[in-house]
Structures are given as C-alpha cells and as structure tokens.
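Just so you know, all these numbers are worked out from the coordinates, no wet-lab data involved. As the structure is a prediction and not an experimental result, all values here were calculated from the model. Heads up, the Cβs are rebuilt from the backbone with ideal geometry, glycines too, and the neighbour counts pull from every protein chain shown.
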Amino acid sequence: MSAIRLFFYSFLVVLLCAWALPGRAASQPTETSLEGFWKGPLQLPGGELEVIFRLVRLSSGEYFATLDVPKQRVSRLSVTVTTRADTVIFASAEADCLFTGRLVPDAGHLQGTWQQPGFKAALTLTRTALPTAATAAKSFLTPPYREIEVTFPNAAASLQLAGTLTVPAGPGPFPAVVLLSDVGSQDRNGTVNEFAPLGRLADFLTRRGIAVLRFDDRGTGQSTGQAEALVTDLVTDAQAALAFLRTRPEVLPGRLGLVGHGEGGNVALLAATQPQPPAFVVGLAPNGLPGYDIAMQQQEATLRSLQTSSAQLAIALRRQQMILDAIRQTATRSQARAIVVNILKKDNPMLSEAAAQARATELTTAPYRYFLTFNPAEPLAKVACPVLLLYGAADSVVNPDANMQGLLKGLKGNTAVTADKLPGVNHLFQPDRDQWPIVAGQAQPNFSPAAQEAIRAWIVTQTSK
C-alpha cells in the first residue's frame, strides 16, 4: 500500500465515531447489470473528492469491485457489492466507507448516501462503460518517434528492470531523462486510476527532442524484485537507469537527467548526492518535510475540511500521534504492530481482531516506518547539479508551500535551483477540469500543458549550455 493511501487510511482509522460495516454479503444477480465505472463528486465542507467504483460482473453473477479516490491517491481498494431490489450497497472494509444508493430507472445513476466514521453526505454516482479492447485498439495512433522495449540490470539489488525508451525522430544523439514514479508500486507510465502522467510526459518530451526512459517499478509489471522498497533502495534503480542510458548511442551521456514525481522526486534528489550523479534533476511535487510532519499535517487538514470541532480535532490528532510514534519509535515491526492493534481496538471496540491486525500490518511496513523518520532536506547540501522544483497550487496530497520551502532550505548552497508553483494544478499534475480535453463527449484528464512546457523549456536550457 502506498504512503499516500496510508495517510487516507490512517485518517479513517482514527476518526472519533466508531462505526461497523455490515457483514460481507454476496451480491445477487439483477436483471440490470451494474458493470462499469460509477463516478460521483463527494461534497466536503472544504471542497469535493471524486470517488470511483469499478464493477466487473463475474460468471457467478457476483461483482468484482474496487474503489478509487484520485485526489487522495487511493486506488483499487476492495469493495463488496450487495443488491436488494432497486437498492445497491458498496462497502469497503479497507476504507471504512459505505455507499447505499437507489438505482434510477434508466440504470445510469445511483442516488444515495456516502458514510464513513463521523461523516455522512448525499452522493449521486453516474455510470460509464468499461473500456473494451476493441475501443483501445482503434484509439491507438503510432507516435512520430521510436519506441524501444528495454531491460537493464540493477546489480546492486540483483534485479532486472524493464521499461520503454522513446527516441525522437532524427539521427541524434539526444539529451535524455529517466522518469521516476511516485510512492507505491507503479507501472512505467505511473498509472493511477487510468491516468498515466509519466506516459503523457514521456510522449510530450520525446516529440520535442528529448529521449525518455521510463520503467516498471521493481516487483511490478515486467521488472523483477520485491515491490516493498525503501527510498534508498529506489536510488539504486535510478542509478541503474542512468548507467544504462550512458551505454546507448541514441543519447548524449553528458546530458542525462532525472525527472521524479512525488517520492520519485526525492529519489532523484538523493541520486544527485551520489557518485556519477545526473546532469540535472526535476522534482514534481516531492516531499520537503519529514514524513511524520507530512502525515500529521494531512490528518489535520482532512479533519478540518470536515469541520471537526476543536475538541474532537485535538483528540483525533493525539491518537494519530500515538499511532505514528509507535510505528517510528518501536524497535521491531512486530512490537509496533501489537501497539497499533491495541490503539485501533481501543479507538473502535467494534473492530475485529483480524481487521485490526490487517490494518496494523499495513501501517507498519518497512517503507512506511522509514518514511516517517526520513527528512528529505537533510542530504541536499551535496546536490551540485541544476534543480527544478515544480508544484501544483491545487495539490491536496502534498502542501506545496511547506514542502517547497523545506527543499529550498536544504538546497540553499546550490545556486542553480528554480522553484515554481502552478495555479490550478493538482498532485497528478492535472489542470483544472475546464482545461481537460473532450473525448467521445466526455472530459478526460490530461497532464497540465503549462507544467509540460515548463519542464521542457527548463530541460532545454540546461542541456543547451
């Protein structure tokens, strides 16, 4: 589970009002299939979150279903589907949330209520069809550049990484970048809820004269190794990618950079402190504060958005602090897990032992324990290459101002640092919805054109010197 998902999860865990989900019930076949994407805006006091339920009907008549909350970087949480006449219930034990809705006669809408501990709101979900293989095939256009499927070793970790190298049209050689994904196991395109920011960025840069290597995270896709890895482990993956590019005749070995999104930006900055660093680094919304501070800030911001009272807020934050202190300060994972189980069950007596154990296991993974103690600004005095830090002003996952300032403080000895904040851009670097292109009559998310151009122009400046 990604750290961002854990923030969302830990928020749900420590809310004050205990609430038990109904028991798991098998869904019953209905005359009208519910298969498809069910999407809707969940209104909060401080804004809104889009929630997406994905339902695929099985031969048994039951549904395989998942929950996505894109702005919170929550994806593919397990969902149980129950139908009773015209009533449909979506329940996610992982997120402690429940949607109960009534199927509108045209079968295109579900009108109902979203519930989670301490919060309840009306929600209307609208259905869109799942994409088909035929539709995907018809929509594919051959790009005006070379795409090369590649593999390269990370000898330090004894694993093999697989990815795609895109090379601009022309004789070359070209300046090149390696794209590094955000927290969690992601494919080479950085795909989150069908949106692939790294794939979009790779296409944009390659069409404009910059070669791009992007690869599946270790333990994901065609890459080998264990998916659960520390930031320091991922640095060796970035170094292996740079070493591979230095052997390619299509690229200029002295003009190779790293472009990292979120945690990938921190990986890129750490790689710049090591021997054979990149020629430049682009950080797209990287963390600039210790993980513990980020987790507490996100918890507080979420609770305030729900207009939690001052007394309840203080209690919830204290319990969150107890959980995080246990995770980061306890010597062993097993001890930390036992303490977290006790806190969770004390906070919610209705929580079963199995559920508490499962949640504590997720919260005490080695990467998350490391994240809570990691201060990304500390090692940055060793970064000598040019750095671009780019944030979105509408980022609800990483506070752009606080994290940017944290990194700038760590980079204060570097005279080649550029930092900017783009209005209307979120954590996935999507622009405001009114800037999304219309495809087949529906608005589709895109990578912010302003962000793409800012990245391209800065890279060209660095590689032209």
What angle, in degrees between 0 and 90 and rounded to the nearest 10, separates the Cα long axis of helix 400-410 from the longest principal axis of the Cα atoms of the chain? 40
Arrange 200, 207 by Cβ neighbour counts within 10 Å, fewest through most, would you? 207, 200
Size of segment 124-258 as Cα extents on the principal axes (Å, biggest first): 51, 39, 23
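Counting each DSSP H run of 4 or more residues in the chain as -39500 (n - 2.57), what helix-only mean residue ellipticity at 222 nm follows after dividing by all residues, to the nearest 500 deg cm²/dmol?
Working: 12 runs with 148 residues, N = 465.
It lands at -10000 deg cm²/dmol.
With viscosity set to 0.692 mPa s at 37 °C, what whole-number translational diffusion coefficient in µm²/s follows for segment 209-365 from Stokes-Einstein and a Kirkwood radius over Cα pairs? Can you show the working numbers first?
On the way: Rh = 18.7 Å.
Using the Kirkwood radius from Cα pairs, D works out to 176 µm²/s.
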Mind checking the full-extension length gain between residue 457 and residue 48? Use 0.36 nm per residue of separation minus the Cα-Cα distance, one decimal, nm. 143.9 nm
Residue-by-residue Karplus 3J(HN,Hα) for segment 202-213, coefficients 6.51, -1.76, 1.60, Hz, glycine and proline x: 4, 4, 4, 5, 5, 5, 10, x, 10, 6, 9, 10
Quick one: angle between helix 353-363 and the longest Cα principal axis of the chain, in degrees between 0 and 90, rounded to 10, please. 20
Whole-Hz Karplus couplings 3J(HN,Hα) for segment 248-253, θ = phi - 60° and coefficients 6.51, -1.76, 1.60, Gly and Pro as x, run 8, x, 6, 10, 8, x
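Among the trypsin sites (Lys or Arg not before Pro) in segment 396-433, which ones are in a DSSP loop with at most 14 other Cβ atoms within 10 Å of the Cβ? Mind listing them? Write down the numbers at each step before the final one.
Values: sites: 409, 412, 421, 433; in loops: 412.
Sites meeting the loop and neighbour criteria: 412.
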About its Cα centre, what dipole magnitude does the chain give when the only charges are +1 on Lys and Arg Cβ and -1 on Asp and Glu Cβ, stated in debye to the nearest 20? 480
Ranking of 387, 177, 439, 192 by count of other Cβ atoms within 10 Å, fewest first: 439, 192, 387, 177
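Order by neighbour count: 281, 167, fewest other Cβ atoms within 10 Å first, most last. Please report the intermediate quantities before stating the final value.
Numbers: 281 28, 167 21.
With the fewest neighbours first, 281, 167 line up as 167, 281.
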Mind checking which of 113, 65, 291 is farthest towards the positive end of the chain's charge dipole, using Cβ charges of +1 (Lys, Arg) and -1 (Asp, Glu) about the Cα centre? 291
Angle, helix 291-305 long axis vs. longest principal axis of the chain, Cα atoms, 0 to 90°, nearest 10? 50
Which whole-angstrom value gives the distance between the alpha carbon centres of segment 315-374 and segment 426-461? 38
Just check segment 399-465 against the gyration tensor rule for me: Cα atoms, a ≥ b ≥ c as the square roots of the eigenvalues, rounded for a/c under 1.5, and otherwise prolate or oblate depending on whether a/b exceeds b/c. oblate
Output ³J(HN,Hα) for segment 368-377: one whole-Hz value per residue in order, computed from phi by the Karplus curve 6.51 cos²θ - 1.76 cosθ + 1.60 with θ = phi - 60°, and x for Gly and Pro. 6, 4, 5, 4, 5, 9, 7, 9, x, 7
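Assigning unit charges at the beta carbon (Lys, Arg +1; Asp, Glu -1) and nothing else, what dipole magnitude in debye, to the nearest 20, does segment 377-457 show about its Cα centre? Spell out each step's value before the answer.
Values: 6 positive and 7 negative charges, 56 e Å.
Magnitude of the dipole: close to 260 debye.
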Using only the Cα atoms, what convex hull volume per residue in Å³ does segment 291-372 have? 89
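Placing unit charges on C-beta atoms (Lys and Arg positive, Asp and Glu negative, everything else neutral), compute the dipole magnitude of segment 291-372 about its Cα centre in debye, rounded to 20.
Values: 10 positive and 6 negative charges, 27 e Å.
I would put it at about 140 debye.
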Select from 460, 279, 49 the residue farthest towards the positive end of the dipole of the chain; place +1 on Cβ of Lys and Arg, -1 on Cβ of Asp and Glu, and compute about the Cα centre. 279
As straight-line cross-link partners of residue 345, the qualifying aspartates and glutamates (C-alpha separation under 20 Å, not fewer than 8 residues apart within one chain) are 94, 96, 325, 353, 362
Taking a 25 Å limit on the Cα-Cα distance, which of the listed pairs 71/409; 412/465; 382/465; 71/382 fall beyond it? 71/409; 71/382
For the chain, the spread of Cα positions along each principal axis, largest first, Å: 65, 53, 41
As I understand it, the dipole of segment 291-372 uses +1 on the Cβ of Lys and Arg and -1 on the Cβ of Asp and Glu, about the Cα centre. Which of 324, 310, 356 lies farthest toward its positive end? 356
